[in-house]
Amino acid sequence: MAEQAYRLAPSGFTRTQWDDFMEEGFLIIENALDSDEVAYYRNAIEQIAAADPKFNPTKTYSISNAVERHRAVAEMIDHPRHVGYAYDIYGELLKLHISQIFMRPKRGSHNIWHPDGARGVPYGVFSPELPMQLKIGYWLTDLPEPKMGNFVYMPGSHRTHYLRGYDTHESLPGERILTLKAGTMTLMHASLWHRVEPNLSDVVRKNIFLAYCPSWICEADRHRSNDAWLKTLNREQRIIMRSYSSPYARTKPPESDSPLFLDRDTGKDCDPESDSGVKLHRRKRQTWAEKQMGAPYEGPLAERFARRHSPALIEPKREMRAV
Ligand SMILES: O=C(O)CCC(=O)C(=O)O
Ligand SMILES: [Fe+2]
């Protein structure tokens, strides 16, 4: 492989932020953007709307695959301000699930209670702890009070598959109506139940969402990206789009897409104890979240395997071999 300068993974969760996020299903980071950055992104979404014949300023305006619509949104794919949080969870298999912009004017349509994950068999059935999507929100208008098209969530509800009020606009005891200042960034666990407040104000609520997932979960807003557009991206952005011609590559990405990032602590492209006999792109590489859950996080059933087999099979190299 040609000599290639890889980037260190940008910073992500602090331990406190992780604990709060896992407890609440939501994290709020104020002043993530300064006023120039807020203006820059607002300008981008206003340009997108102005260029769209379908834009109607009296209706809720929402587009997905927003990264292909504007350079400023494309630059967010791997933006160091937030991508490290997603990398902490999805590691080397990070993918952009969806990119959206929203403009919510007075009396525009607004969402009923729902989780973002799958319906009849929600993500939590398979993944009771880790989110199968992490949704980053950038908020570009001040929303000082309710009834401004605010995002509303039920703290901790990422742990339940049932919520009274599902499919309704009902206000529920314990819900949190998010009031915030422009420039706030939020992180949402995809199993969290949420709804949107009506907007009865004269302020048009404007924001951008980018959700990330593992590469093997289906994309929400494209089958493949436009080839000419992909060529305008840097290496990490292109990898994170995971626009593979072979569907199986989403599960087993090609060698050239490895490493996505170098470990931010060690600067290495692999775990220190990993087996150099397994090709780099096929080696198990621990995510930051796994390390937080106990290194190595083997999952609740791993000890049953360990009991039945010689420890030599799993120690000292806990390698996941290629299949
Ligand atoms: O606009 C919002 O605040 C949330 C939208 C939403 O829940 C969704 O698109 O799934
Ligand atoms: Fe949602």
*Sorted by mean Cβ packing within 10 Å, highest first, what order do the peptides 166-179, 129-142, 214-227 take?*
129-142, 214-227, 166-179
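If you average over every viewing direction, what projected area does the convex hull of the Cα atoms of region 89-207 give, in nm²? Could the numbers behind the result be given before it?
Details: hull surface 30.3 nm².
Directional mean of the projected Cα hull area for region 89-207 stands at 7.6 nm².
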*Contact order normalised by residue count of the chain, Cα under 8 Å, 6+ apart, percent*: 24
*Within 10 Å, count the other beta carbons around each residue, average over each peptide in 231-241, 7-17, and list them highest first.*
231-241, 7-17
*In region 198-241, if every C-alpha pair distance is counted and binned at 5 Å from zero, what percent goes to each bin?*
5, 15, 20, 19, 14, 8, 9, 10, 3
*Write out the trypsin sites (Lys or Arg not before Pro) in region 29-79 meeting two conditions: DSSP loop, and at most 16 other Cβ atoms within 10 Å of their Cβ.*
Lys54, Lys59
*From the backbone phi of region 48-63, what are the Karplus-calculated ³J(HN,Hα) couplings (6.51 cos²θ - 1.76 cosθ + 1.60, θ = phi - 60°) in whole Hz, Gly and Pro given as x?*
4, 5, 4, 8, 9, x, 7, 5, 10, x, 8, 10, 4, 10, 9, 10
_Can you tell me the length gained on complete extension of the stretch Glu30 to Gln4, counting 0.36 nm per residue apart and subtracting the Cα distance?_
5.8 nm
*Tail beyond 34 Å, pair distance distribution of the chain (Cα, percent)*: 26
_Paramagnetic reach from Glu129 in region 171-207 [backbone N under 18 Å; point 7 Å along Cα→Cβ]_ = 189-192
*Evaluate 2.2 N^0.38 Å with N set to the residue count of region 126-166, then give the Cα radius of gyration divided by it.*
1.51
*asked:* What percent of all Cα-Cα pairs in region 142-191 falls into each 5 Å bin, going from 0 up to the bin containing the maximum distance?
replied: 4, 16, 27, 25, 17, 9, 1
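Going by the alpha-carbon gyration tensor, a ≥ b ≥ c the square roots of its eigenvalues, is region 1-153 rounded (a/c under 1.5) or, if a/c is not under 1.5, prolate (a/b greater than b/c) versus oblate? Mind dumping the intermediate values first?
On the way: a/c = 1.61, a/b = 1.22, b/c = 1.32.
It comes out oblate by the Cα gyration axes.
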*Starting from the Cα of Tyr244, step 7 Å toward the Cβ, then list every residue of region 186-222 with an amide N under 11 Å from that point.*
215-217
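Work out, step by step, the length gained on full extension between Arg308 and Ser256: first 0.36 nm times the residue separation, then minus their alpha carbon distance; give nm to one decimal. Before the final figure, lay out each step's value.
Numbers: separation 52, 0.36 × 52 = 18.72 nm, distance 3.70 nm.
Length difference between fully extended and current span is 15.0 nm.
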*Evaluate E = 1/(1 + (r/R0)^6) for Ser276 and Ser171, where r is the Cβ-Cβ distance and R0 equals 45 Å; express this FRET efficiency to the nearest 0.05.*
0.20
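Read-outs: derived from the displayed coordinates by stated rules, not from any lab. No experiment lies behind these values; they were computed from the predicted model shown. Cβ coordinates were reconstructed from backbone atoms using ideal geometry, including for glycine residues, and neighbour counts include every protein chain displayed.
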